[in-house]
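Contents: one structure, followed by commentary.
The values are calculated or read from the model by the stated rules, or taken from the named source; none is laboratory data. Quantities reported herein were computed from a predicted structural model and do not represent experimental measurements. FYI the Cβ positions are ideal-geometry reconstructions off the backbone, even for glycines, and counts take in every protein chain you see.
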Amino acid sequence: MLSFLQADQTHGSLKEELRTILPQLEEMQKRKVERRNQFLDIVQQIQKIQSEIYASDKIHYTSPIVDETDLSLRKLEELQKELQALQREKSDRLKQVLELLSTLNSLCLVLGMDFQNTVNEVHPSLGDSDGTKSISNDTIDSLAVAIKRLLELKIQRMQRLQDLATTMLELWNLMDTPVEEQQMFQNVTCNIAASEQELKEPNMFSEDFIDYVEAEVFRLEALKASKMKELVFKKSSADKEEYDLILAERWQQGYDLIRY
C-alpha cells in the first residue's frame, strides 16, 4: 500500500514537472525558430548582394542554408558584420556607377550621341531611371571602356574642328570676310585654343555640326579659288593691254621712220 502511494506521488510529481518544463521547452523552440529566421534573413541578404556584385563571376546561388548546429549570438554577429560590409560595398559601387553614368552622359551630349542607346549597350538596367542598376564588375568595367572610347572620339573631333577653325580664320583674313558672316561661326573660332575639359556645349562635336563647319570651309576655299582665278585673269588682261600698247607704239615708231 505504501509503495502504491509512493508511486502515485512520483507520477504526480513528474506530471507537475512536465507542466513546468513544457512551456519552457516551447519557449526555447520558439526562440530557436526566431533565431533561425534571423540567420535565414541575413544569409538571404548576403547572397542577394553577392549576386549583384559578383554577377560577372557567374556564381550560382541555391536556396540559403542555415547551419542549425551553431545559432549562437557570436555567429549571428559575424554574419551581421559580413552583411554590413557588403552593404557598404554595394553603396560605394552604386555611387561609382552613377558617377560613370554622369560622365558618359556628358560625353554623349557634346558628341551628339544617344545616351539611352549607349548605356543600353553596356547593360539594359542602366537606362532605367527608376529601376535597380547593375553594379557588377562587368558593368563597371564596360562603363569605363565606353567612356574611354567616347573620350578618344571627342579628342579626335575636337582636333578636327580646331583645324577647320584655323583654316576658317586664315580665309576670313585673306578675303576680308564681313564680321556679320564671321559671327555665325564665333562659337567655333573662339574655342580654337580651348582644352578638352572646357568644351562641354551640347552637340559641339556632333557629326552634323562638324559637317556644317567643314562645308563652310569648303565654300570659303572655293570662293578663294574663284577670286584667285579672277585676279590672274585681270593680271593677264592688264599684261595683254600693256603688250598691245607697246606693239602699237613700236609700229607707230616704225611707220614714222618709213614715212620720213
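Beta carbons closer than 6 Å, at least 6 apart along the sequence or on distinct chains, never pair a first residue in segment 115-131 that is farther than 14 Å from L100 by Cα and touching a residue at least 40 places away in the same chain (Cβ under 8 Å) with a second that is basic (K, R) and assigned to a helix (DSSP H, G or I).
Does Q162 satisfy the condition of being free of Cβ contacts under 8 Å to residues at least 24 places away in the same chain and in a helix (DSSP H, G or I)? Break it down into steps so the answer makes sense when it comes.
On the way: free of Cβ contacts under 8 Å to residues at least 24 places away in the same chain: no; in a helix (DSSP H, G or I): yes.
Here the answer is no, as Q162 does not meet what is asked.
Taking segment 65-88 as the range and being in a loop (DSSP other than H, G, I, E, B) and charged (D, E, K, R) as the test, the residues that pass are D67, E68, D70.
Per the conditions (1) at pLDDT 95 or above; (2) surrounded by 14 or more Cβ atoms within 10 Å (Cβ to Cβ); (3) of a type in the set (D, E, K, R), the sole criterion not satisfied by R88 is (2). Selection of segment 67-117 for residues being of a type in the set (S, T, Y) and within 27 Å of the chain's Cα centre (by Cα) yields S91, S102, T103, S106.
Looking for whichever is in a helix (DSSP H, G or I), surrounded by 17 or more Cβ atoms within 10 Å (Cβ to Cβ) and either out of contact with any Leu (no Cβ under 8 Å at 6 or more places or on another chain) or modelled with pLDDT of 95 or more (or both) here; the options are K154, K148. Which one fits?
Values: K148 fails: surrounded by 17 or more Cβ atoms within 10 Å (Cβ to Cβ).
None of the others qualify; the one that does is K154.
Consider segment 4-61. How many of its residues are under 30 Å from Q80 (Cβ atoms), modelled with pLDDT under 65 and assigned to a helix (DSSP H, G or I)? Total meeting the criteria: 2.
Cβ separations smaller than 7 Å between residues 6+ apart or across chains give the following pairs from segment 66-79 residues that are in contact (Cβ under 8 Å) with a residue 12 or more places away in the chain to residues that are among the basic types (K, R): V66/R36; E68/R36; L71/K32; L71/R35; L71/R36. Counting only residues that are among the hydroxyl-bearing types (S, T, Y) and touching a Phe, Trp or Tyr at 6+ places or on another chain (Cβ under 9 Å), segment 185-205 holds 1 of them.
Of all residues in segment 91-112, those that are of a type outside the set (D, E) and surrounded by fewer than 18 Cβ atoms within 10 Å (Cβ to Cβ) total 11. The residues of segment 176-188 that are surrounded by 13 or more Cβ atoms within 10 Å (Cβ to Cβ) and either farther than 21 Å from L107 by Cα or among the acidic types (D, E) (or both), listed by number, are T177, Q182, F185.
In segment 171-214, what residues are of a type in the set (S, T, N, Q), in contact (Cβ under 8 Å) with a residue 12 or more places away in the chain and assigned to a loop (DSSP other than H, G, I, E, B)? Before the answer, list the steps.
Quick first cut of segment 171-214, residues of a type in the set (S, T, N, Q) only: 173, 177, 182-183, 186-187, 189, 191, 195, 197, 203, 206.
Imposing the further condition that a residue be in contact (Cβ under 8 Å) with a residue 12 or more places away in the chain reduces the set to 177, 187, 189, 191, 203, 206.
Across segment 171-214, the qualifying residues are T177, N191, N203, S206.
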